[in-house]
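Below is one structure; the comments refer to it alone.
The values are calculated or read from the model by the stated rules, or taken from the named source; none is laboratory data. This is a predicted model, so every value here is computed, not measured. Don't worry about glycine lacking a Cβ; one is built from the backbone with ideal geometry, like all the others, and counts go over all protein chains shown.
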């Protein structure tokens, strides 16, 4: 029997009390002045990293003079697109934007709830699935603040919580070490990508506006209610391009009802699919090459580019610095950042001969596999470690409820 099992048997043999999140915590009701914040203390939704990656320093100032304040020990949740799993346990005081929820333990529960235990509980896939299920809106879904407070949280004795935290902290540290090594490889990959797709010598290759490459069209809308588990039409939602796909794909991971077939729009083999909305300028315009033998339906927040270029080459080009800089001039900077079609059409990309395009792709595919292929090398090791961590986290955070 493990130490945790022994503690549970000794301290809570009859089960563990469960509370709604709103019974033990609430949203911050204090304010912070923007003039008192800097890049290390202001947290916008774009400063929270996906997949429980924590936070990075802000790259811009707040756009309001007064913000929600957070304190050390508060949990900050990204409330746009909950499926991105953005969460951070604060180690400082500061202020956050309206799209970030600051969850603060009630004073009455400080003696019986460890903040880090609550962090691990709300980092679970169970919580993010719940938040996504109760989100509102199609274009940029937001978590329902009232529903989030109804999520049920187990509260075992504090000694059990702290032993669980110690075990999960060890997994987190091992994962962080692997992630740091992988991040170094990603930087190397980005360096070589820019080297290969940047043509600086005058007249070395033609640069052609995307609008002149061929056909560009937008996908058609489908909603959560249209999804089916089987016997449907393969689809790609714009959000999945951020979370489920890499530079290329040949199989869709989602399906919608087959009766929608005649009204949808499809990418076919050799097309590039490009997102048109995102939380940040950096997000917008993520591209993937569709290499599947069968056409795939695409969401209306995606553009499809059909040309004679090698699709993988064009998708890689759209990851480079030249495209990113040009893209910034084509984005409407409203609350939801949108890549405008007319602006996209004006962006120019280098067009070497098809044989050279394929040579570049063959090199970048190898680098891409080294940093993104979950079946080999360091990505596979990190994926296995995360799977092991998630298994133990879910096991450690599952308790028989006290009656």
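None of 48, 37 is in contact with a strand residue (DSSP E or B) (Cβ under 6 Å, 6 or more places away or on another chain), closer than 14 Å to residue 93 by Cα and either in contact (Cβ under 8 Å) with a residue 24 or more places away in the chain or surrounded by fewer than 18 Cβ atoms within 10 Å (Cβ to Cβ) (or both) except 37.
Could you check the stretch 61-73 and list, in sequence order, the residues that are surrounded by 12 or more Cβ atoms within 10 Å (Cβ to Cβ) and out of contact with any helix residue (DSSP H, G or I) (no Cβ under 8 Å at 6 or more places or on another chain)? 68, 69, 70, 71, listed by residue number.
Among the residues making up the stretch 28-81, those that are in a strand (DSSP E or B) and over 27 Å from residue 183 (Cβ atoms) are 31, 32, 33, 66, 67, 68, 69. Looking at (1) in contact (Cβ under 8 Å) with a residue 40 or more places away in the chain; (2) under 28 Å from the mean Cα position of the chain (by Cα), which is the one condition that is false for residue 16? Result: residue 16 passes all but (2). Being part of a helix (DSSP H, G or I) and either in contact (Cβ under 8 Å) with a residue 40 or more places away in the chain or within 18 Å of residue 290 (Cβ to Cβ) (or both) holds for only one residue in 324, 306, and it is 324.
If I ask for residues that are surrounded by fewer than 17 Cβ atoms within 10 Å (Cβ to Cβ) and outside any loop (DSSP other than H, G, I, E, B), which ones from the stretch 212-231 would you list?
Scanning the stretch 212-231 gives 212, 214, 215, 217, 218, 224, 225, 227, 228.
Would you pick out the residues in the stretch 189-204 that are in contact with a helix residue (DSSP H, G or I) (Cβ under 8 Å, 6 or more places away or on another chain) and either more than 18 Å from residue 326 (Cα to Cα) or not in a loop (DSSP other than H, G, I, E, B) (or both)?
Of the stretch 189-204, the ones in contact with a helix residue (DSSP H, G or I) (Cβ under 8 Å, 6 or more places away or on another chain) are 189, 192-194, 196-198.
Correct list: 189, 192, 193, 194, 196, 197.
Among the criteria (1) in contact with a strand residue (DSSP E or B) (Cβ under 7 Å, 6 or more places away or on another chain); (2) exposed (fewer than 13 other Cβ atoms within 10 Å of the Cβ); (3) within 27 Å of residue 281 (Cα to Cα), the one residue 31 does not fulfil is (3).
When the stretch 64-83 is examined, which residues are found to be over 13 Å from residue 54 (Cβ atoms) and touching a residue at least 40 places away in the same chain (Cβ under 8 Å)?
Within the stretch 64-83, the subset over 13 Å from residue 54 (Cβ atoms) is 64-74, 79-83.
68, 69, 70, 71, 73, 74, 79, 80, 81, 82, 83, listed by residue number.
Which numbered condition trips up residue 234, out of (1) out of contact with any helix residue (DSSP H, G or I) (no Cβ under 8 Å at 6 or more places or on another chain); (2) over 30 Å from residue 352 (Cβ atoms); (3) in a helix (DSSP H, G or I); (4) touching a residue at least 24 places away in the same chain (Cβ under 8 Å)? Of (1) out of contact with any helix residue (DSSP H, G or I) (no Cβ under 8 Å at 6 or more places or on another chain); (2) over 30 Å from residue 352 (Cβ atoms); (3) in a helix (DSSP H, G or I); (4) touching a residue at least 24 places away in the same chain (Cβ under 8 Å), only one is false for residue 234: (3). Do the conditions hold for residue 263, that is, is it touching a strand residue (DSSP E or B) at 6+ places or on another chain (Cβ under 8 Å) and in contact (Cβ under 8 Å) with a residue 24 or more places away in the chain? Spelling it out, it is not the case that residue 263 is touching a strand residue (DSSP E or B) at 6+ places or on another chain (Cβ under 8 Å) and in contact (Cβ under 8 Å) with a residue 24 or more places away in the chain. Looking across the stretch 272-296 at every residue that is assigned to a strand (DSSP E or B) and over 15 Å from residue 245 (Cα atoms), the one that is modelled with the highest pLDDT is identified as 277. Across the stretch 389-403, the qualifying residues are those that are crowded, with 16+ Cβ neighbours inside 10 Å and in a loop (DSSP other than H, G, I, E, B), and the one among them that is nearest to the chain's Cα centre (by Cα) is 397.
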